[in-house]
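Following: one structure in structure tokens, then a few remarks.
Values quoted throughout were computed directly from the atomic coordinates according to the rules given, and no laboratory measurement underlies them. None of these values were measured; they are calculated from a predicted model. Here the Cβ is made from the backbone with ideal geometry for all residues, glycine too, and neighbour counts use every protein chain on show.
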Amino acid sequence: MVKATLKVWASMLAGLISFKGVLSLPTPEKSCDIDLRGLLTDPVHQWASNTTISFPNTVAFENATERWSIFSPPTYSAAVSPGTEEDVKKVVNLARTYGFPFLTRGGGHGYAASLGAFKEGVSLDLSHWKSIQVNSSALTMTVGPGVIYNDIFDPLYDAGFLMQTGSCSCPSVIGVALGGGIGRMMGNLGLTADALQSVRLVGSDGIVKTVSETSYPDLFWAIRGAGANFGVITSATFNIQPLADFNDGNVFMLDFYLPAESSLEYFKVIETHYSPMPVNLAAVVVNNWNSTLNISQIASDWIFYGTEADARKVLAPIFALNASFVTATLPWNEIVSIAGGGYDKYNCEPNKPRSSFSLNQRDYNATGWQQGFEMITDFFEKNPGGRSSQLMFELFANEATAAVPENATCWPWTDVRGFIQAQFTWTTGDIATEESANTVGAQIRGELSKTTGYDSPTVFVNYARGDETIEDIYSATKLPRLAQLKRQYDPFNLFAYYHPLPLEYP
Ligand SMILES: Cc1cc2nc3c(=O)[nH]c(=O)nc-3n(C[C@H](O)[C@H](O)[C@H](O)COP(=O)(O)OP(=O)(O)OC[C@H]3O[C@@H](n4cnc5c(N)ncnc54)[C@H](O)[C@@H]3O)c2cc1C
């Protein structure tokens, strides 16, 4: 206990002295030598009364470590669910001093091969930080790190606003923004990261920084696309848009299913008429298995940000297909829960074995999509245990994304107009299906990467599996500056487990 207490004082001192001073601290101990329970429960820390420290085999610990996917999972020995920013700083300072790994948890939806290298560390769980403040006159919304998309839809809409979001309800808004944040409004508003105005960031020095265009602008450049590598974001302020500028927040939705025999015709219609995708339009096209009819099918969901009359004109080539169409005019806040027959609730189920293989897409290529459809259909036919899997094409406009100056953020894929994701799931323990999924997933990614319009299989950070090259995730153009900033702001490499950046590049 005495030894631990002395080290705790060293840690607290480290938080007080300058960053330069911290660099001269002795090398941290290896995490395996540390009694995390003894260290974290030492009263010397004076944790806030609303901070929870939890350990395995408790409900609090399970809640603080739950993840969406059990792919390449991190393992934990303890969790700290801080009640205050001061306690976030304490965790960072302790981790730096004692050398134990910690992982910030927002919505728990991140997956990455690199997470598997996180062993018996501490979950810095911020999922309960749910504050949302809408400032109608400043046209901003400030959210805590535990706020997921589902938390903001109604409050924003009820206050008369919208913003660009991802396509599901469950990831954290901040977690998505840190990796760029793609979604249906890339045509008219850009990425979620493009709406970011400022954040509060606890750096690896344990000091809180306001990061924005005018305060630490170099860090602001880096966190919009590679943000998981630079600190703990305790709050973020985003620009929001009045509903009045977007058809009073109403959108037109078109949903339908097509059987396998119509797939190529449909893909050709998209390639011919929607390349490039009109600015107000977005489509999510999912190849999946219909367990009622026992067939492979294509489920589609198109959203038009505008009036029904305009939508019907833009969507005329789709309406010409032979299908039963479900149409609706929806308020913006209901898109995610209603579109695609409510697939969001299945996509968001936590704690499942999942394996994803993804690609960025610049060119729309009917032949490539058809090949992918045939490959996943073959997988469904041979692997009944994998029939909840899907191959998804997200097709978005990119005017607003492309309009952001190339050097404004570290997001490298300004010309991207779509995303391909083969997402496999199976029942835990079904090794045969798991092996088949991983083989077929890699094959689909390999084949489709030849048709995306990029020279190599590029993928943006939020969708990356983690077996890609860092150039294919962050781009060789952005990596030299990212590595230099990583060295400058995280020389201890504390933020090293989620699609980690190198400290040197090349
Ligand atoms: C069902 C589903 C739908 C998705 N839809 C989209 C989409 O439409 N668009 C899109 O771009 N992406 C999407 N994603 C990918 C998603 O953006 C990433 O998985 C993202 O990392 C999830 O963030 P999280 O906070 O929920 O997850 P977490 O696992 O909590 O976070 C992932 C990593 O981000 C870092 N991190 C998270 N919060 C913070 C914070 N406050 N401060 C510092 N670091 C932090 C941590 O390193 C953490 O390991 C989706 C993922 C899923 C599973």
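Some notes on this structure:
- Distance violations [Cα-Cα > 31 Å] among Lys268/Lys352; Lys90/Lys486; Lys89/Lys345; Lys119/Lys209; Lys130/Lys352: Lys268/Lys352; Lys89/Lys345
- Pairwise centroid distance, computed over Cα atoms, of the range 437-506 with the range 110-165, Å: 24
- Calculated [θ] (222 nm, deg cm²/dmol) that DSSP helices of n ≥ 4 give over the chain, each run adding -39,500 (n - 2.57): -9000 deg cm²/dmol
- Neighbour counts of C-beta atoms inside 10 Å place Glu308, Glu434 in the sequence Glu308, Glu434, starting with the fewest.
- Within the range 204-306, GluC sites (Glu not before Pro) in DSSP loop having at most 13 other beta-carbon neighbours inside 10 Å: Glu213
- Were the residues from Gln484 through Thr329 laid out at 0.36 nm apart, the gain over their Cα-Cα distance would be 51.0 nm.
- Taking the chain and dividing mean pair separation by its residue count, relative contact order in percent (alpha carbons under 8 Å, at least six apart): 16
- Inter-label distance for Arg362 and Thr428, nm, one decimal - labels placed 7 Å from Cα along Cα-to-Cβ: 4.3
- Radius of gyration (Cα atoms) of the range 43-96, expressed as a multiple of 2.2 N^0.38 Å: 1.23.
- Cut-off 15 Å between beta-carbons: net charge of the residues surrounding Glu62, Lys and Arg +1, Asp and Glu -1: 0
- Shape category assigned to the range 417-506 from the gyration tensor of Cα positions, a/c cut at 1.5: oblate
- For the range 467-506, GluC sites (Glu not before Pro) meeting the loop criterion (DSSP other than H, G, I, E, B) and having at most 16 other Cβ atoms within 10 Å: Glu504.
- Counting beta carbons within 10 Å around each of Met163, Met141, Met186, Met375 and listing the fewest first gives the order Met375, Met163, Met141, Met186.
- Alpha-carbon Debye profile of the range 189-239, log10 I(q)/I(0) at 0.19, 0.20, 0.33 Å⁻¹: -0.54, -0.60, -1.51
- Taken over the Cα atoms of the range 27-164, the convex hull encloses 142 Å³ per residue.
- Rounded to the nearest 20 debye, dipole of the chain from Cβ charges on Lys, Arg, Asp, Glu: 1200
- Normalising by residue count, the chain has a Cα convex hull of 141 Å³ per residue.
- Whole-number D in µm²/s for the range 249-472 (Stokes-Einstein; Kirkwood sum over Cα pairs; 20 °C, 1.002 mPa s): 118
- Against the rule of thumb 2.2 N^0.38 Å, how large the Cα Rg of the range 234-366 comes out: 1.16
- Normalised Debye scattering of the range 329-438 at q = 0.12 Å⁻¹ gives log10 I(q)/I(0) of -0.58, counting only Cα atoms as equal scatterers and leaving out solvent.
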